[in-house]
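Report on the following structure.
Each value in this text was obtained by applying a stated rule to the coordinates, not by laboratory testing. Quantities reported herein were computed from a predicted structural model and do not represent experimental measurements. As a convention, Cβ positions derive from the backbone with ideal geometry for all residues, glycine included, and neighbour counts pool all protein chains shown.
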Amino acid sequence: MNTENRYLNVKQLSEYLKISTSNIYKRTTNGSIPIIKMRKRVLFDKEEIDRWMSNGCDSNFEMPTLKAA
């Protein structure tokens, strides 16, 4: 998968999942959706989101870690 399309912001994830941005913010706040925090920015790994959805949106997931290049 192209890394340019792999990481989504809130608006892109909203369009991808066809749910409201407020729903995504709520899930981000309560920790029920896998996120990647980069300083003040929140991103979503499309592969992690797909895995999360295939597991019934289970909130027991391992957070991915990013390593500096």
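Kindly write out, for the stretch 39-48 in residue order, the coupling ³J(HN,Hα) from the Karplus curve 6.51 cos²θ - 1.76 cosθ + 1.60 (θ = phi - 60°), rounded to whole Hz, with x marking Gly and Pro.
Each residue's phi maps through the Karplus curve to give 6, 8, 8, 10, 10, 10, 7, 4, 5, 5 Hz.
By the gyration tensor of its Cα atoms, with a ≥ b ≥ c the square roots of the eigenvalues, what is the shape of the stretch 3-54: rounded for a/c under 1.5, prolate for a/b over b/c, or oblate?
Since a/c stays below 1.5, the shape of the stretch 3-54 is classed as rounded.
Determine ³J(HN,Hα), in whole Hz, for all residues of the stretch 16-26 in sequence, where each value follows from phi through the Karplus function 6.51 cos²θ - 1.76 cosθ + 1.60 and θ = phi - 60°; x replaces Gly and Pro.
5, 8, 6, 10, 6, 5, 5, 5, 5, 4, 4
With a point put 7 Å past each Cα toward its Cβ, work out how far SER20 is from ASN5 in nm, to one decimal.
3.0 nm
Using a simple charge model, +1 on the beta-carbon of Lys and Arg, -1 on the beta-carbon of Asp and Glu, nothing else, what dipole does the stretch 3-54 show about its Cα centre, in debye to the nearest 20?
300 debye
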